[in-house]
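Comments concern the structure below.
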Amino acid sequence: MYKTIILTGVPRSGSSLSCNILNHFENTLALLEPMRVFESDPAKGKIQACKDVCNFVFESRKKVVYDEKVVTGTINGEILSNTFELSVQNGLRKAIVKNREINMQRDDISKNFTLLLKHPAFFSAILDDLINFFEVYATIRNPLSILASWQTIDVAINRGYIPAGQRFDSDLDNKLNNTSDRLQRQMIIINWFFKRYYNYLDSSHIIRYEDVIESNGEIFKPLSYNGIAHQSIAPLNSQNSNKAYINVDIDKLYNAIMKKKDAFYWHYYTPTDIETTYRVLKLNLFL
């Protein structure tokens with residue numbers, strides 16, 4: 001049986017880590033943002049975008065089986081658990097992966113392997129139609145840690161924009177373009193992600209980063225081909241209080257999160273969850 005899984009998620013919620021973990025399982029291949037998503041034309045609609053995904057899945061499977069090659073985000077042929085520099089050197093953390101074709105180095109991959117594709121913003125934008133084509137999962141994370149991470153990375157979301165999502169959601173595009181404050185744009189974006197998952201995904205298909213860490217990746221067994229790891233998973237440590245957030249105004253982010261009473265992240269995280277992370281962040285950043 002050929003199983004294909006689509007993985008989306010709030011940016012910086014552990015979707016890359018999820019791919020890394022799933023690649024530890026037998027006959028399971030998880031690809032890190034392999035598509036050229038900006039080649040999908042919004043003018044042709046979301047259904048056509050879903051067909052673009054279907055075509056990519058077909059071509060990817062064929063390439064893996066017959067050419068033993070695969071297109072994925074990688075560095076030195078590896079699919080990493082973090083796509084950005086671990087620490088801030090000069091301002092913002094840079095992306096360290098490149099999208100390219102690499103040779104397969106997996107003896108355990110057969111013709112009926114489980115394939116997983118990860119694209120956070122693009123898949124979230126077309127999610128309402130994508131769920132009719134594929135089995136879809138989403139990763140989420142404590143919103144305070146997400147926002148803290150966004151302040152440290154050199155991509156559009158740091159500036160309060162999410163191009164791959166805005167292209168397919170005109171309402172989101174208008175809201176962001178008509179909001180001058182950077183943090184308020186980020187608050188719109190984070191709520192957009194959580195709202196889409198709440199509206200279109202069953203709770204069993206929403207994976208909390210905190211549960212990934214607590215289970216040391218065991219939570220992904222049902223998504224893999226047979227639940228058997230061909231390679232042991234190293235002990236996972238939570239990055240919710242990452243030292244890379246040292247120059248982030250945690251108080252400002254915390255207040256913005258707590259102030260938004262109608263946010264959709266409250267369906268998955270309690271005020272106590274946010275406050276606990278806030279206290280740990282404040283403590284760790286001053287140690």
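With every protein chain present, what is the per residue accessible area of the chain (1.4 Å probe, Å²)? Walk me through the numbers on the way to the answer.
Working: 13580 Å² over 287 residues.
So the chain comes to 47 Å² accessible per residue, rounded to a whole number.
Which percent, nearest 5, of DSSP beta bridges in the chain are antiparallel?
If we restrict to bridges inside the chain, about 35 percent are antiparallel.
Sticking to Cα atoms, compute the Rg of the chain to one decimal and its Dmax as the biggest Cα-Cα distance, whole number, in Å.
For the chain, the Cα radius of gyration and maximum Cα-Cα distance read 18.5, 54 Å.
Whenever you get a sec, compute what percent of the accessible area on the chain sits on carbon and sulfur atoms (1.4 Å probe).
It is 48 percent, rounded to a whole number.
Normalised by the number of residues in the range 57-213, what is the relative contact order in percent for Cα pairs under 8 Å and 6+ residues apart?
Relative contact order comes out at 22 percent.
Holding the Cα-Cα limit at 29 Å, pick out from LYS3/LYS94; LYS195/LYS252; LYS175/LYS243; LYS175/LYS261; LYS69/LYS243 the pairs that are longer than that.
Details: LYS3/LYS94 34 Å; LYS195/LYS252 23 Å; LYS175/LYS243 32 Å; LYS175/LYS261 19 Å; LYS69/LYS243 37 Å.
Listed pairs above 29 Å: LYS3/LYS94; LYS175/LYS243; LYS69/LYS243.
What does the highest-first list of 269-275, 68-74, 14-20 look like by mean Cβ count within 10 Å?
Output ranking for 269-275, 68-74, 14-20: 14-20, 68-74, 269-275.
Using the Kirkwood radius over Cα pairs, work out the Stokes-Einstein diffusion coefficient for the range 86-227 at 20 °C and 1.002 mPa s, in µm²/s as a whole number.
This corresponds to a translational diffusion coefficient of 123 µm²/s.
If we sort 131-139, 22-30, 100-108 on the protection proxy, mean other Cβ atoms within 10 Å, highest first, what's the order?
22-30, 131-139, 100-108
The values are calculated or read from the model by the stated rules, or taken from the named source; none is laboratory data. Computed from a predicted model, the values in this text were never measured in an experiment. Quick reminder, even Gly has a Cβ in these numbers, built from the backbone with ideal geometry, and neighbours come from all protein chains shown. Protein only, heavy atoms only, side chains kept; ligands, DNA and RNA dropped before computing areas. Shrake-Rupley method; radii C 1.70, N 1.55, O 1.52, S 1.80 Å.
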